[in-house]
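Novice: The structure's right below; bear with me while I get my questions together.
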Amino acid sequence: MGKPKSGFHFKIMTLGFGFRDFFSPRMNILKEVGIKPGFHVLDYGCGAGGYIVPLAELVGESGKVYALDIHPLAVQKAQSIASKKRLANVQTVCSDCKTDLPDNGMDAVLLYDILHQLNEPGGILEELHRVLKTDGILSVTDHHLEESKILSEITDKGLFKLVEKGEKTYSFLKEK
């Protein structure tokens, strides 16, 4: 990932995302992914944690949500949300690339509004490829990038292929 934002910048970003989530609920976006009860989902670059509660609801008690971010304040925010909402199926990870998750263990990986900030997307995409199940979905959206840039960043290394373009997201499957 890129360099972590300052604490002040993170707090301003969190406030902005709160407004965004009020007017555009995250569940509307997650419906495009097809997440089911029992799924294991990695929210890579979880930021202010806007997807944590709806993800935890979708995967249910038998599923697991991994909220990963490079910024310690983001990880603290995710932990706080999980604690306040009593979400036992949420685990946080503080990392700039490696997830320490098992090979082929994730049913879905979310890469939302973070692709434009990645200094070395190739290494991160290799890590996401490693943790994603063979039939798992890499769901990507980034309003900072044009469609052609998103598609080339994700598919150029031959790790993923586009399988569906939703209203708000792009869904990719593992290529190899």
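Novice: Arrange the residues ARG86, ARG26, ARG130 by how much accessible surface each exposes, largest first, with a 1.4 angstrom probe.
Specialist: Final ranking, largest accessible area leading: ARG86, ARG130, ARG26.
Novice: Related question: Using a 1.4 angstrom probe and counting only protein chains, how large is the accessible area of VAL163 in Å², to 10?
Specialist: 70
Novice: Now for a separate question. GLU126 label point, 7 Å along Cα→Cβ, cut-off 14 Å on backbone N: hits in region 71-105?
Specialist: From region 71-105, the list is 97-99.
Novice: Checking the table LYS77/LYS174; LYS77/LYS157; LYS36/LYS85 against a 29 Å threshold on Cα-Cα, which pairs fail?
Specialist: Flagged as over cut-off: LYS77/LYS174; LYS77/LYS157.
Novice: Report, to one decimal in Å, the Kirkwood hydrodynamic radius for the chain based on all distinct Cα pairs.
Specialist: 16.0
Novice: In a shell of Cβ-Cβ distance under 15 Å around GLY122, excluding GLY122 itself, what net charge do Lys and Arg (+1) and Asp and Glu (-1) give?
Specialist: -2
Novice: From the helices alone, meaning DSSP H stretches of at least four residues, give me the mean residue ellipticity at 222 nm for the chain, per-run term -39500 (n - 2.57), in deg cm²/dmol to the nearest 500.
Specialist: -10500 deg cm²/dmol
Novice: Can you pull the one-decimal nm distance between simple spin-label points at LEU173 and ALA88, each 7 Å off the Cα toward Cβ?
Specialist: 3.5
Novice: Which of the GluC sites (Glu not before Pro) found in region 82-176 are loop residues per DSSP with 15 or fewer other Cβ atoms within 10 Å of their Cβ?
Specialist: Sites meeting the loop and neighbour criteria: GLU146, GLU167, GLU175.
Novice: In addition: For region 64-167, with only Lys/Arg (+1) and Asp/Glu (-1) charged at the beta-carbon, what is the dipole magnitude about the Cα centre, in debye rounded to 20?
Specialist: Computed about the Cα centre, the dipole is about 580 debye.
Novice: For region 108-116, take each phi angle, set θ = phi - 60°, evaluate the Karplus expression 6.51 cos²θ - 1.76 cosθ + 1.60, and give the result in whole Hz per residue in order, putting x for glycine and proline.
Specialist: Per residue, the Karplus-derived 3J(HN,Hα) values read 8, 10, 9, 10, 10, 6, 10, 4, 5 Hz.
Novice: Please compute the Cα-Cα pair-distance distribution of region 114-160 with 10 Å bins starting at 0, giving whole percents from short to long.
Specialist: 25, 61, 14
The values are calculated or read from the model by the stated rules, or taken from the named source; none is laboratory data. Remember, predicted model here, so these are calculated numbers, not experimental data. Please note: Cβ atoms are built from the backbone with ideal geometry, for glycine as well, and neighbour counts cover all protein chains shown. Heads up: the accessible areas ignore ligands, DNA and RNA and are worked out on the full protein's heavy atoms, side chains in. Shrake-Rupley method; radii C 1.70, N 1.55, O 1.52, S 1.80 Å.
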